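The values are calculated or read from the model by the stated rules, or taken from the named source; none is laboratory data. Computed from a predicted model, the values in this text were never measured in an experiment. Reconstructed Cβ throughout: ideal geometry from the backbone, glycine too, with neighbour counts over all protein chains shown.
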Amino acid sequence: MSNDTEYVLEMRNVVKEFPGVRALDGVNLKVRPGKVHVICGENGAGKSTLMKIINGTYVADEGEMYYKGKQIGARSVQDSLNMGIAMIYQELNPVLEMTIAENVWLGREPKKGMFVDYAKMYKDTQDLLDRLEMPYDAHQKMYELSIAGHQLIEIAKAISCNASVIIMDEPSSAIGDEEIEVLFKQIFSMREQGVAILYITHKMDEIFRIADEITIIRDGQWIESGPASDYNPDKLVARMVGREITNVFPKDTTVPIGDVIFEVKDLTQVKEDGGRFRNISFQLHAGEILGFAGLVGAGRSELMRAIFGLDPISSGKMYMNGKEIHNRNTGEAIANGFAMVNEDRKQYGLVLERSIHHNISLVNLKKYIKGLVDDKLITDDVERMRELLQIKIANQDVEAGTLSGGNQQKVVLAKWLVGDVKVMILDEPTRGIDVGAKSEIHKLMTNFARQGMGIIMISSELPEVLGMSDRVIIMQEGIIQGILTREEATQESVMTLATKGVGK
């Protein structure tokens, strides 16, 4: 048992494993009351997993957790909330048809006898919103609010719990400067009241503005902790990424880089809840793998969705082989020679309950309809793709949902390669697949490039970006911060550009 009450929260040697990955490997954390403790690390370092163990979403496989000096074990999120541990999630999930008050008090509504005391609930909520200087009415429905509004209501909800520990996972990723000022004002106020804030962010200016203490996690392992005053941006970046690239990436640097096949000029997307990206210009060459690096909220996926015709473009132009093109929808994008492997293959890439035969033919039905569907041509193409990509299946009738992650990703690639692809967009192509399958996907990318295809790759794994890219474009908050050659791109140079701040 721990009698050390200097810390409101302490984690000792925490281990958490998921299938195929050790997400946390002996992580330690000591959190003092009345301090803002920032957890730093690259995407995938294990920060969010650790936070979800603290708040009860996950149960640690090994290790100990102490809260206010007493060891605690497995518990629910509601148990944690009742104890005084609240978490604001990176992925917001409000009940849009409910009011602000109903969302704030969901699952813990004030009662008058057996019934909900709505008068008290709405009065307490409005008092809370007014105290926090949030410009909302407690009776407003959540669907009337922007994403930034949803974020602020989550903050209000955490504060309403009178929590001793509040976890904030990327709370500023979807809100603007004005809302960030409101957020920081509340953080400073809670700190003065003795609340401990656990804060995850990739933004250097935020870290050094609000952090009292810093803990660095790398590849699921605790690296070090210390006062924020011991660090500067360069030192922090070096500690966050300070490993040699041990993965061997089969990038063939002898693949010839050809002429420009695709060009984007001043591409901008503006939406009611704020712009996703602005003034984006770049060129893609035949045979080139062009990496896109950046952190949460950088706008990379939004840019690729717009290029592929999934979302509208407000202004700007696109050219294929020097000729202006318009991808107003995915049909036009496919006709213009584009393919896109989305970061969420299960939701957008595959029909999981249908066969491999069906999935691979789906995008190319026009090719196969000759009066009737030419099933033999589909079968021949699927077999050709199975051999080309080494897809491990017993037969073509196997359901996509039964395959491993790596084989699912190969099926997604196969359905595009059946057509005539000039530009392949790969958004997180190796997310959620094992090391062996990653290597196979990387080899396929190199082979596609060798055939003259232009490849755009988004990845949150820096070693993957550095290992596979001929050039790297770094985005932050919807703008391009820099374009680096393969020789210029290092973990430090990319991370420095990705965190340097916009409009500061």
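If you check every pair at least six apart or on different chains, which have Cβ atoms under 9 Å apart with a residue in segment 309-324 that is closer than 14 Å to residue 280 by Cβ first and a residue that is hydroxyl-bearing (Ser, Thr, Tyr) second?
From segment 309-324, the pairs are 313/268; 314/268; 315/268; 316/268; 316/281.
Pick out the one residue from 135, 94 that is farther than 30 Å from residue 6 by Cβ, at pLDDT below 90 and in contact with a His (Cβ under 7 Å, 6 or more places away or on another chain).
94
Between 27, 14, 8, which is surrounded by 14 or more Cβ atoms within 10 Å (Cβ to Cβ), modelled with pLDDT of 95 or more and either in contact with a Pro (Cβ under 7 Å, 6 or more places away or on another chain) or polar (S, T, N, Q) (or both)?
So the residue among 27, 14, 8 that is surrounded by 14 or more Cβ atoms within 10 Å (Cβ to Cβ), modelled with pLDDT of 95 or more and either in contact with a Pro (Cβ under 7 Å, 6 or more places away or on another chain) or polar (S, T, N, Q) (or both) is 8.
Out of 56, 20, 46, I need the residue that is under 26 Å from residue 234 (Cα atoms), in the same structural domain as residue 79 (by TED's automatic domain parsing) and at pLDDT below 95. Which one?
When all the criteria are applied, what remains is 46.
Mind counting the residues in segment 455-484 that are touching a Lys or Arg at 6+ places or on another chain (Cβ under 8 Å) and in a strand (DSSP E or B)?
Qualifying residue count, segment 455-484: 9.
Of (1) modelled with pLDDT of 90 or more; (2) under 30 Å from residue 135 (Cα atoms), residue 88 satisfies all except one. Which?
The one condition residue 88 does not meet is (1).
Quick one: how many residues across segment 119-144 are farther than 10 Å from residue 103 by Cβ, in contact with a Pro (Cβ under 9 Å, 6 or more places away or on another chain) and surrounded by 17 or more Cβ atoms within 10 Å (Cβ to Cβ)?
Summing the residues that are farther than 10 Å from residue 103 by Cβ, in contact with a Pro (Cβ under 9 Å, 6 or more places away or on another chain) and surrounded by 17 or more Cβ atoms within 10 Å (Cβ to Cβ) in segment 119-144 gives 3.
State whether one or more residues within segment 82-91 are surrounded by 14 or more Cβ atoms within 10 Å (Cβ to Cβ) and over 26 Å from residue 54 (Cβ atoms).
Looking for residues that are surrounded by 14 or more Cβ atoms within 10 Å (Cβ to Cβ) and over 26 Å from residue 54 (Cβ atoms), one finds none in segment 82-91, hence no.
So, of the residues in segment 419-437 that are surrounded by 22 or more Cβ atoms within 10 Å (Cβ to Cβ) and not hydroxyl-bearing (Ser, Thr, Tyr), which turns out to be modelled with the lowest pLDDT?
429
Kindly provide the set of residues from segment 188-209 that are buried (at least 19 other Cβ atoms within 10 Å of the Cβ) and under 24 Å from the mean Cα position of the chain (by Cα), ordered by number.
Result: 197, 198, 199, 200, 201, 202, 203, 204, 206, 207.
Name every residue in segment 30-41 that is buried (at least 22 other Cβ atoms within 10 Å of the Cβ) and in a loop (DSSP other than H, G, I, E, B), in order of residue number.
Answer for segment 30-41, where residues must be buried (at least 22 other Cβ atoms within 10 Å of the Cβ) and in a loop (DSSP other than H, G, I, E, B): just 41.
What pairs come out if I take residues in segment 462-476 that are crowded, with 23+ Cβ neighbours inside 10 Å and pair them with residues that are part of a helix (DSSP H, G or I) and among the polar types (S, T, N, Q) whose C-beta lies under 6 Å away, six or more apart or interchain?
Between residues of segment 462-476 that are crowded, with 23+ Cβ neighbours inside 10 Å and residues that are part of a helix (DSSP H, G or I) and among the polar types (S, T, N, Q), the close pairs are 462/491.
Looking only at segment 438-454, count every residue that is more than 30 Å from residue 476 (Cβ to Cβ) and either in a helix (DSSP H, G or I) or at pLDDT 90 or above (or both) and tell me the total.
The total comes to 5.
Which residue, of 73, 149, 107, is over 26 Å from residue 216 (Cα atoms), loosely packed, with under 13 Cβ neighbours inside 10 Å and out of contact with any Phe, Trp or Tyr (no Cβ under 6 Å at 6 or more places or on another chain)?
None of the other options fit; the residue is 107.
Could you figure out which of (1) touching a residue at least 60 places away in the same chain (Cβ under 8 Å); (2) surrounded by 14 or more Cβ atoms within 10 Å (Cβ to Cβ); (3) farther than 27 Å from residue 430 by Cβ; (4) not aromatic (Phe, Trp, Tyr) isn't true of residue 100?
(1)
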